[in-house]
Amino acid sequence: MNKFFVLVGVLLLLAASASAQQERDRPRSPTITVTGEALVSAEPDQAQLDIGVVTQARSAPEASKENAERVARVLSEVKKILGKNDEVKTSGYSLTPAYRYPQGGKPEIVGYNASNTLRIKTMSLDLVGRLIDSAMQAGANNVNRLVFTLKDEQSAQLEALRAASLKARSKAEAIATALGLKIVKITAVTEGERMIQPIVRQVTALRAEAAPAQTPVEPGTVDVRS
């Protein structure tokens, strides 16, 4: 009985080895591997900017109080401009000592710096310049960041993927035609890295005592690559 089982096991092993050998000996279908890349430029439809208020005073309470008063004025003016779908929120706050470093002595605290940053998001790109100017006139003295982005990034990503796929297929067909071959089917597809490049603008603005000309802002286009 034991010998019978051993014999069957050997036969199965030999059969499996023969099948594997046949699979290795079988000629593989020729394949062509290509890549396609597409860049889609889309008009941005929302903007995000960080506007800050930085104050300095001899004591921490004084710096904090002055900062709070100026931020309240900035918020009041900004909310008058924003639409119902826009938003503003606090994105950062800090209160830190300012030091003086005398030669050969220990550092001394000479005052305090208070910083409060408001993050504003608006769907109306034509309001960006007005928001900056109004905030500066109300007491803001720092624009940290201005970015133009897309509300619906997925649509742009899908458009880029479709364009990249068509380019890859065109490449494969051109190669096959040159070699006297014919594309029969797609055996594998790999999606590569997708990248959305928002538009970042550097804005330098100081508090204006008199009403200046409106700050010009040009959004440009957002690049989506697949």
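Within the range 121-143, how many residues are under 24 Å from Gln56 (Cα atoms) and either of a type outside the set (A, V, I, L, M) or touching an Asp or Glu at 6+ places or on another chain (Cβ under 8 Å) (or both)?
So the count comes out to 9.
Just one of Ser134, Ser165, Ser124, Ser94 is free of Cβ contacts under 8 Å to residues at least 40 places away in the same chain and not basic (Lys, Arg); which is it?
Ser94
Does the range 173-186 contain at least one residue that is open to solvent by 30 Å² or more (accessible area, probe 1.4 Å), under 30 Å from Thr55 (Cα atoms) and not in a loop (DSSP other than H, G, I, E, B)?
Taking every residue of the range 173-186 in turn, none turns out to be open to solvent by 30 Å² or more (accessible area, probe 1.4 Å), under 30 Å from Thr55 (Cα atoms) and not in a loop (DSSP other than H, G, I, E, B).
Would you be able to tell me the number of residues in the range 189-212 that are in a loop (DSSP other than H, G, I, E, B), modelled with pLDDT of 65 or more and either open to solvent by 80 Å² or more (accessible area, probe 1.4 Å) or touching a helix residue (DSSP H, G or I) at 6+ places or on another chain (Cβ under 6 Å) (or both)?
Matching residues across the range 189-212 total 5.
Say we look at the range 111-147 and pick out the residues that are in a strand (DSSP E or B) and hydrophobic (A, V, I, L, M, F, W, C); which of these is farthest from Asn85 (Cα to Cα)?
Ala114
From the residues in the range 69-110 that are part of a helix (DSSP H, G or I), β-branched (Val, Ile, Thr) and in contact with a helix residue (DSSP H, G or I) (Cβ under 7 Å, 6 or more places away or on another chain), which one is farthest from Val54 (Cα to Cα)?
Filtering the range 69-110 for residues that are part of a helix (DSSP H, G or I), β-branched (Val, Ile, Thr) and in contact with a helix residue (DSSP H, G or I) (Cβ under 7 Å, 6 or more places away or on another chain), the one farthest from Val54 (Cα to Cα) comes out as Ile81.
Can you tell which of Val34, Val40, Val53, Val74 is in contact (Cβ under 8 Å) with a residue 12 or more places away in the chain, surrounded by 15 or more Cβ atoms within 10 Å (Cβ to Cβ) and closer than 30 Å to Glu173 by Cα?
Val40
The values are calculated or read from the model by the stated rules, or taken from the named source; none is laboratory data. Note that the structure is predicted; figures quoted are calculated from it, not measured. A quick note on method: Cβ atoms are made from the backbone with ideal geometry, for glycine too, and the neighbour counts reach across all protein chains shown. Side chains are part of the model used for accessible areas, which takes the heavy atoms of the whole protein and leaves out ligands, DNA and RNA. Shrake-Rupley method; radii C 1.70, N 1.55, O 1.52, S 1.80 Å.
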